[in-house]
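Undergrad: Okay, handing you the structure first.
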Amino acid sequence: MPTKTKDATEPIHDSMFDAVLARLDVAAKIYGLSDEVANILRNPQKQVKVSLPIMMDNGKVTVFEGFRTIHSTVLGPSKGGIRYAMDVCDDEVKALSAWMTFKCAVANLPYGGAKGGIKCDPRTLSLGELERLTKAYTVSMADVFGANRDIPAPDMGTGGREMAWLVDAYNKVHRGDFPGVTTGKPVGLGGSLGRDAATGRGVMVATLAALKKLNLDSKKVTAAVQGFGNVGSHAARLLNEQGVKICAIGDHTVTLWNENGIDIKAALAFAKANGNMLKGFTGGVEIKSAELLTANVDVLVPAALQNVITEEIAINIKAKLIIEGANGPTTPEADAILQEKNVIVVPDILANGGGVTVSYFEWVQNQYGHYWTEDEVNTKHDASMNAAFDNVWNNAEQYKTTMRLGAYITALKKVEFGIKAKGTY
Ligand code: GLU
């Protein structure tokens, strides 16, 4: 339900958490969730906010804000990434933490959901400043995190480097070696083979599963991928390897179109050599970033930011299939339009669950102290993603609804079972 109305015709959600609750309410109604369980899920279990005074390289102290929200631990320790970005705030972290609860349940992992972040622009910080900030945040959260309590991971603006710093600070506070306190660590420090590409791989597997349902041959379809970071670049590469012609790619520096298909290997090599940016790559003509979303392709993969598919964009979308690599790329208002247009949307909480699935495998390997080959990881991942896809598809069919609501219903069934079985005080 829209939470706020700008004028009579233009409903908007200016709170991301309200947008999550809007979907939850609709799914809860279709599924018949009890008001008591719905009320538990509307209220995150724990919200922590810390201030982090950091000595900058110039000798001056800057105070940063750090957040961690644990939405639910009903199905297991809470799981979710840590984001470094300027828009990190209570509301965003709360919304993303709830999505993690649903994402982990859809992926059938023994985890609850959490999210954290630091309000900062990591591109403007030096290596030393980033390390001090990450370690200060970890020390502040030392009693929140734990391999059997709350397990962070990378998210926007963070990666293996930050996770290695996090483990180091956590180990020093707790005086031991606790690799399972976080996932997404570098391989060699308890990280899992296949973790880096896992979210993109999940997007590829979900795309192939959806194409199969639509009787479309991956070798005959075209796609546009928004975002060329950890998710978008691997998704474009892996889809391309399956024969999909990638006609548009883009990042925060440039968006490119080539109707004959972009040479993804060349784009990856270019970005690698140019600070992970596509600007200057000549494999396509430059278009506006919104034009990528409405491009004449079969499959659209938004794998960058939230709220990019608005009503205006949705009206003009030509793709038959949208695979949400990013968290929350589609607004609830755009959802309604896409549904009317019969565009199949494979929702974020299913489509980008490959990352947290391999995070779970990393955590299992850490607990065992025994490590798997990349093939083993990928095989287990693909089986898990296909099972999650089928489960969501079947629930969507059973409840005669969209895949997004089918995914929420899949999650609600599991979380409701957990809440009822465990009981309350
Ligand atoms: N940050 C990623 C996500 O949003 C991964 C979370 C994890 O691996 O715990 O799914």
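Undergrad: Let me know the charge dipole size of segment 207-366 about its Cα centre in debye, to the nearest 20, where only the beta-carbon of Lys, Arg (+1) and Asp, Glu (-1) is charged.
TA: 540
Undergrad: For the chain, with a Gaussian network of springs between Cα atoms less than 10 Å apart, report the residue from ARG175, ARG23, ARG237 with the top mean-square fluctuation.
TA: ARG175
Undergrad: Okay, helix-only estimate at 222 nm for the chain: each DSSP H run of n ≥ 4 adds -39500 (n - 2.57), divide by all residues, round to 500 deg cm²/dmol; what do you get?
TA: Rounded to the nearest 500, it is -14500 deg cm²/dmol.
Undergrad: List the relative contact order of the chain as a percent without decimals, with contacts defined as Cα pairs under 8 Å and 6+ residues apart.
TA: Relative contact order comes out at 15 percent.
Undergrad: Report the semi-axes of the equivalent ellipsoid for the chain in whole Å, largest first, where each axis is √(5λ) for an eigenvalue λ of the Cα gyration tensor.
TA: Rounded to whole Å, the semi-axes are 30, 27, 22.
Undergrad: I would also like to ask the following. Let me know the shape class of segment 193-250, please: from the alpha-carbon gyration tensor, a ≥ b ≥ c as square roots of the eigenvalues, rounded when a/c is under 1.5, otherwise prolate if a/b is greater than b/c, or oblate.
TA: Oblate is the answer for segment 193-250, as a/c is 1.5 or above yet b/c matches or exceeds a/b.
Undergrad: With a 1.4 Å probe and all protein chains in place, put SER384, SER97, SER140 in order of accessible area, largest first.
TA: The ranking, largest first, comes out as SER140, SER384, SER97.
Undergrad: Related question: Could you state, as a whole-number percent, how many of the C-alpha pairs of segment 268-330 are farther apart than 16 Å?
TA: The calculated P(r) of segment 268-330 puts 53 percent of pairs beyond 16 Å.
Undergrad: Would you mind counting up the charge near GLY353? Only other residues with Cβ under 13 Å from its Cβ, with Lys and Arg at +1 and Asp and Glu at -1.
TA: 0
Undergrad: So which helices of the chain fit the span-like rule, where a helix is a whole DSSP H run, its Cα atoms reach 15 Å or more along the axis, and its mean Kyte-Doolittle is at least -0.5?
TA: Helices meeting the criterion: 16-31, 90-106, 127-140, 160-174, 198-213, 230-241, 354-368, 403-422.
Undergrad: Would you mind checking LYS212/LYS413; LYS46/LYS380; LYS103/LYS219; LYS318/LYS380; LYS219/LYS318 for any pair whose Cα atoms are more than 23 angstrom apart?
TA: Over 23 Å Cα-Cα: LYS212/LYS413; LYS46/LYS380; LYS103/LYS219; LYS318/LYS380.
Undergrad: Tell me, how many Å apart are the Cα centres for segment 231-253 and for segment 139-205?
TA: 26
Undergrad: Another one. Using a Gaussian network model on the chain with a 10 Å cutoff between Cα atoms, which of VAL364, VAL74, VAL181 fluctuates the most?
TA: Of the options given, VAL364 has the highest mean-square fluctuation.
Undergrad: Label segment 288-425 by shape, choosing from rounded, prolate and oblate, from the square roots a ≥ b ≥ c of the eigenvalues of the Cα gyration tensor; if a/c is under 1.5 it is rounded, and otherwise prolate applies when a/b is larger than b/c, oblate when it is not.
TA: oblate
Undergrad: Also, I was wondering about something else. Given the C-alpha centroids of segment 303-360 and segment 282-297, what is the distance between them in whole angstrom?
TA: That distance is 18 Å.
Undergrad: Separate question: Averaging sequence separations of C-alpha pairs under 8 Å and six or more residues apart, then dividing by the length of segment 65-166, give the relative contact order as a whole percent.
TA: So the answer I get is 37 percent.
Undergrad: Then there is this: Give me a comma-separated list of calculated 3J(HN,Hα) values for segment 78-86, in order, Karplus coefficients 6.51, -1.76, 1.60 applied at θ = phi - 60°, integers in Hz, x for any Gly or Pro.
TA: 6, 9, x, x, 10, 10, 10, 6, 6
Undergrad: Using +1 at the Cβ of each Lys and Arg and -1 at the Cβ of each Asp and Glu in segment 25-148, identify which of TYR84, ALA107, THR124 lies farthest towards the dipole's positive end.
TA: ALA107
Undergrad: Among TYR170, TYR408, TYR371, which one moves the most in a GNM of the chain with springs linking Cα atoms closer than 10 Å?
TA: TYR371
Undergrad: Rounded to the nearest whole Å², what accessible area per residue is found for the chain with the 1.4 Å probe?
TA: 43
Undergrad: Enumerate the aspartates and glutamates that LYS245 could reach by cross-link, defined here as Cα to Cα under 12 Å, with residues fewer than 8 away along the same chain left out.
TA: Output for LYS245: ASP217, GLU259, ASP263, ASP298.
Undergrad: While we're on this one: Is segment 75-199 rounded, prolate or oblate when judged by the Cα gyration tensor, a ≥ b ≥ c being the square roots of its eigenvalues, rounded requiring a/c under 1.5 and prolate requiring a/b larger than b/c?
TA: Verdict is rounded for segment 75-199.
Undergrad: Heavy atoms only, probe 1.4 Å: what % of the accessible area of the chain goes to carbon and sulfur, would you let me know?
TA: 52
The values are calculated or read from the model by the stated rules, or taken from the named source; none is laboratory data. Everything numeric in this text was worked out from a predicted model, so none of it was measured. Don't worry about glycine lacking a Cβ; one is built from the backbone with ideal geometry, like all the others, and counts go over all protein chains shown. Calculation scope for accessible area: heavy atoms of the full protein, side chains included, ligands and nucleic acids excluded. Shrake-Rupley method; radii C 1.70, N 1.55, O 1.52, S 1.80 Å.
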